[in-house]
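Working notes, beginning with the structure itself.
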Amino acid sequence: MRSVEEHQRVVTEMIRPRPAAAVPLTGAQGLALADDVVAALALPVFDNSAMDGYAVRAEEIAGATPERPVVLQVAEDIPAGRTDELTLQPGTAHRIMTGAPVPAGTTAIVPVEDTDGGVQTVAIRAPRPAGAHIRRAGEDVAPNTTVLRRGQVVTPAMLGLAAALGMAELPVIPRQRVLVLSTGSELVTPGGPLRPGQIYESNSIMLAGAVREAGAEVVAVATAADDVAQFGALLDRYAADSDVIITSGGVSAGAYEVVKDAFGRDGDQGVEFVKVAMQPGMPQGIGRVAGATIVTLPGNPVSALVSFEVFIRPALRGAMGLPDPDRPRRAAVLTESLTSPRGKRQFRRAILDREAGRVTSYGPPASHHLRWLASANGLLDIPEDVVEVPAGTELQVWDLS
């Protein structure tokens, strides 16, 4: 059987980054920058007022007090957005709003709270030093400054900076586009009635959520019966728009394994089917279909999601240049004794107490017990050469929270 590490390597090599692209700001959040971002202009773009108040020459109001205010003629009214260039003449003031351009000759802004708020004339009751409440052009960002670095993940604040610098797009590594396809004639869409022998389809909803949580884009979610023609038709419909195809089910050793039947059980049609030395999730497959990477997962729900965590999530995030592709690994002391199958690396659902550094297995190990995985916050990672794990043993735990 193939080791977990070897299959991880194969999947990672097969899920390839998309070419860098300039993406509108509205679609760039959460993506990794593909290049440095250099400012083409200054921030602020021009000298502007930091306060609602009056533009003055500081030396003319140096002696102002509440008892003996300095009275100046208000020569102009400057709201934010005024575009003509003004000059402050000696002996006058300009009423000015926050963000408005400071007229030439201004050396200070007096806040309106230190005046009588006059419109024709203004009584200024307190001095202000030169430079007070003036935002100078370029004091935040100088032109040709590198403001964002390649590999940073775009945040709302970064979007704001890019927009303030006049950028409509950012160079990013695009999201991986993923088709999620469940297989099985027994599957019924949730909400409808069940007939004997049928079950509600859960894998595609679960895996699509995992894809989005990993930062990728879900192209489509679909379900195929155990019918090669129907399965092939869904691939024909969606594969061209997908970078990655994730299937669940149809890869075991039974008679009705539609994924194996579609690609040839001996792997001669672009998909290799292997057994990986792990529990749950032994039957796996990997290959290329219509230009997309296909990763075939087992159909039991726990096997499917654990396989996604072990093989697909880190490969997707790595291909998108996102930080921390792997779940955090934490050492914790086991509170009970466990057994594990010889020769298989076992991933067991667990409750991790981070503060105490303890971990407890959670629920049975069988791959159909989805309830326990839904409430677990970790995966116990038991090495393949370990058969018995006494209480008090320190184990690695994958932190799923």
For H368 the rounded accessible area (nearest 10 Å², probe 1.4 Å, non-protein molecules ignored) is 120 Å²
The chain, Gaussian network, Cα under 10 Å: of A163, A40, A93, the residue fluctuating most is A93
Starting from the residue with the highest accessible area, list L334, L187 in decreasing order, probe 1.4 Å. L187, L334
Based on alpha-carbon centroids, what's the gap between segment 99-167 and segment 174-202 in Å, whole number please? 56 Å
Return one whole number: the accessible area per residue of the chain in Å², for a 1.4 Å probe. 46 Å²
Applied in sequence order to segment 215-226, the curve 6.51 cos²θ - 1.76 cosθ + 1.60 (Karplus, θ = phi - 60°) yields integer Hz couplings, x standing for Gly and Pro, of x, 9, 10, 8, 6, 6, 10, 9, 10, 10, 6, 6
Carbon and sulfur together cover what percent of the accessible area of the chain at a 1.4 Å probe radius? 51 percent
Can you give me the C-alpha center-to-center distance between segment 25-39 and segment 233-250, rounded to a whole angstrom? 29 Å
Pull out a ≥ b ≥ c, the square roots of the eigenvalues of the alpha-carbon gyration tensor of segment 273-401, then state rounded if a/c is under 1.5, prolate if not and a/b is larger than b/c, and oblate in the remaining case. prolate
Spelling out what I want: for every residue of segment 130-146, take phi, set θ = phi - 60°, compute 6.51 cos²θ - 1.76 cosθ + 1.60 (Karplus), and round to whole Hz; glycine and proline get x. 4, x, 4, 6, 10, 8, 7, 4, x, 6, 8, 9, 8, x, 6, 7, 6
Which value, in Å³ per residue, describes the convex hull spanned by the Cα atoms of the chain? 211 Å³
Report relative contact order for segment 48-135 in percent, whole number only (criteria: Cα-Cα under 8 Å, sequence separation at least 6). 45 percent
Please report, in cubic angstrom per residue, the volume enclosed by the convex hull of the alpha-carbon atoms of segment 329-399. 71 Å³
Please find, in a Gaussian network model of the chain (springs between Cα atoms separated by less than 10 Å), the residue of A214, A123, A164 whose mean-square fluctuation is greatest. A123
Order T247, T107 by their accessible area, 1.4 angstrom probe, all chains in place, largest first. T107, T247
Candidates R329, R349, R68; GNM for the chain (alpha-carbon contacts under 10 Å) flags as most fluctuating R68
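The values are calculated or read from the model by the stated rules, or taken from the named source; none is laboratory data. This one's a predicted model, so the numbers in the text were calculated from it and none came from an experiment. The accessibility values were calculated without ligands, DNA or RNA, using every heavy atom of the protein model including side chains. Shrake-Rupley method; radii C 1.70, N 1.55, O 1.52, S 1.80 Å.
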